[in-house]
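Read through the structure below, which is laid out as structure tokens, and then see the notes.
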Amino acid sequence: MLELQQVTKRFGERTIIEGASLVCGHGVTGLIAPNGAGKTTLIKMLATLQTPSEGRILLDGEDIYGLGEAYRAHVGYLPQQVGVYPSYTPRRFLRYVAALQRVPRRVADPRIGELLDLVGLAEVADTRMRTFSGGMIQRVGIAQALIADPDILLFDEPTAGLDPRERARFRSVIHGLAATRTVILSTHIVSDIETIAGQIVLIRDGQVKAYQHASELTAPLVGRILEVPLDAPELPGELRLGEREGTAGPVRRIALPQAIAAGELPAGAVASAPTLEDAFLVLYRDAHVDGVDASGPRRGAPWRNWRGFR
Amino acid sequence: MRALMVAEFRKLAMMPVLAGFLALSLLFNALIVAGSSYLVPYVRSAAGVTRSFGGRIDETMREAFAAGATEEDRALLGDAVATAENIFEGMDTAELSAHYTAPLGPSSLAALIERKYQALQARVDHLAATGAALDLYAGPYTHDVHQLLFGRLMPAVIGEGALAGIAVALLLQEVERMAGTRQMLFSSAIGRRIMPVKLACAAAVGLACYVLLAAATLGGAVFFLGAGDLMGANVSSQFNFLVEGNLIKPFMTWGDFTVAGYLLATCALGAALVLMAVVTASAWGTLFRDAYRTALALAAACVSMPVISDMAARMGAWEMYAAASFLPVNVWLRAWAWFTDQGRFSFIPWHEAVAVGVGLVGVAAMAGWSYRRFSRRDVVV
């Protein structure tokens, strides 16, 4: 079991993570926040690439920095930017990573074959990677994270560059692995974790908060999510979540400060079940999220955050 | 660990710049040798005489030479064979001591230098007893030949080997930044302890480059000059000498060296200097975490060493001058006089060997400290 105890990380005067306390057991922990919130910093501390300014990170009660190699040998890490040696083939690269992880050659070679099958690169196992696309490099990165059959998997933006089929496949693989492993998956793409994450961790203004299930985040939004025609008048206190093309024309998805009964819906409005993405956009309404300004108009009733983030 | 070393070697194979550098170095060294082609007839004459009559000028050799030497050999070596004498007989090193200590005044440094020349007197007496001065070596052109091999080619080879080693040490660190593999590497089980593996690889490749350069350059020079038969001559032959300003003095070494033995000894010391350069580059590269900054820092350090030495001498700051004489670049710059008394530059026998030995221990400690520090620092992508 991985445990963060009052972990703080500062870079000079800037505090990125403050007083984070978190427990991660078997299963998928989804770490979700906008870009620049501190997800990668947290993942890097778990990967021992950065050391906490304060606090400790423990594995089964022992400090991971004190454990050193004994900890890292059980960790598979997929960084946000996967780097490879362009003149290497995937097979050679994975053999090298296996050597770094002290996996014996007789164990590594068959495992490399399995992993290349798993990530769909078996046919190019002996092709130099200088010709690979970004998605193929990403899949090599996923394979290298799994080479030592680690107990702890740290994935930082793992689906970047993957097409929808590959992303779905990745989610299935991770979900299967997570039954007996601790998987921490950092992403700003909500759909990456919506269906596979048990614990969900949000980071805002350096504060880290864990939710044991997505329903903890979506339940307070029941009755508050509507889809209204795009040109309909603005409702008091509405927070715009996005736009889409509805069956009867363009609509905007909004969140209201209070739940609204079915009989009191404005004309043309349709109630919608809240999603994790809705919760994410509501929570980070002051942040610029993936090109969507989630701050919304600040008029009408003051917006009240129900989870303590202000 | 072997697999990791092999992997590091493979990373170097991805970078052909090293082979290019070695080729250019060999070309440069060949030009130096070619520029001394005027020595060939004199060396070959001395080699022929040595083969025919032995390398020691004595009455037996003089008679044999007079009877059997060719016209060319008599023209090139006749005076040398006829007038050679045991210059170390009756030599008093106190004169040298007085010359070098005069500017220092009464000081602990002057006392050390005096003690050094007292020790050298014992060596001079030994050289006189063994008749080392009577070895022909390369006759009248011995100084030119010796300085070609040990005053120009050997420093060039050492410098080139050191540069190759530094380049390899920095490339092996920089390759991870260029490939974007730092995070994968340092989060693995091996983690930051890959740095000593990289150092070991850099040291092996740097020394291999040095050995290749030394063998090709010095071996090629000896072959080109036809000096193979002169390898058994004593380097303290009367025809070998050192020039320091307006002072010309014999080539007096702290141990008995044939030319071959002196070659091996200087190669060994040169290898130690190359190793020092590699370890320093690795240590500083780990501290600075940027190959370009490290290279600039190394360049600045290398330039500063002789500057410090020169300024100290000009200011009469002899203690600083003595300390600066232990700096590796200053040791390298005096390769032309290794294992000799070295005048005011050294105050102990075997100064260059002691300096390099102490330096190796120092840079090894620095490397250990830099790796330990790195183990606690954040990895910069």
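Taken together, the values in this text are just the output of simple stated rules run on the coordinates, not laboratory data. Since this is a predicted model, take the numbers as computed values, not measurements. Reconstructed Cβ throughout: ideal geometry from the backbone, glycine too, with neighbour counts over all protein chains shown.
The table below lists the values:
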item	result
Restricting segment A:23-68 to residues that are assigned to a helix (DSSP H, G or I) and under 21 Å from the mean Cα position of the chain (by Cα), the residue that is nearest to the other protein chains (Cβ to nearest Cβ)	A:Lys44
Residues (of a type in the set (Val, Ile, Thr) and surrounded by 23 or more Cβ atoms within 10 Å (Cβ to Cβ)) located in segment B:145-180	B:Val145, B:Val157, B:Ile158, B:Ile166, B:Val168
Identity of the residue in segment B:304-336, in contact (Cβ under 8 Å) with a residue 24 or more places away in the chain and among the β-branched types (Val, Ile, Thr), that ends up nearest to B:Gly357 (Cα to Cα)	B:Val331
Set B:Phe223, B:Phe239: member being among the aromatic types (Phe, Trp, Tyr), part of a helix (DSSP H, G or I) and more than 14 Å from every other protein chain (Cβ to nearest Cβ)	B:Phe223
Every residue from segment A:89-100 that is more than 8 Å from every other protein chain (Cβ to nearest Cβ) and either within 17 Å of B:Met178 (Cβ to Cβ) or touching a residue at least 60 places away in the same chain (Cβ under 8 Å) (or both)	A:Phe93
Residue match in segment B:56-66 (condition: in contact (Cβ under 8 Å) with a residue 24 or more places away in the chain, within 20 Å of B:Ala129 (Cα to Cα), among the hydrophobic types (A, V, I, L, M, F, W, C) and touching a strand residue (DSSP E or B) at 6+ places or on another chain (Cβ under 8 Å))	yes
Members of segment B:253-290 that are among the acidic types (Asp, Glu) and under 22 Å from B:Gly139 (Cβ atoms)	B:Asp256
Check on A:Tyr71, more than 20 Å from A:Leu177 (Cα to Cα), within 11 Å of chain B (Cβ to nearest Cβ), among the hydroxyl-bearing types (Ser, Thr, Tyr) and in a helix (DSSP H, G or I)	no
Among residues of segment A:101-133, those that are within 12 Å of chain B (Cβ to nearest Cβ), part of a helix (DSSP H, G or I), surrounded by fewer than 21 Cβ atoms within 10 Å (Cβ to Cβ) and in contact (Cβ under 8 Å) with a residue 24 or more places away in the chain, counted	2
Residues located in segment A:62-88, provided they are in contact (Cβ under 8 Å) with a residue 12 or more places away in the chain and more than 20 Å from B:Asp378 (Cβ to Cβ)	A:Ala73, A:His74, A:Gly76, A:Val84, A:Tyr85, A:Pro86, A:Ser87, A:Tyr88
Subset of segment A:69-84 (residues that are among the small types (Gly, Ala, Ser) and either closer than 20 Å to A:Ala143 by Cβ or under 13 Å from the mean Cα position of the chain (by Cα) (or both))	A:Ala73, A:Gly76, A:Gly83
Matching helices (runs of 4 or more DSSP H) fully within segment B:137-214 where at least 2 residues are at positive phi and out of contact with any strand residue (DSSP E or B) (no Cβ under 6 Å at 6 or more places or on another chain)	none
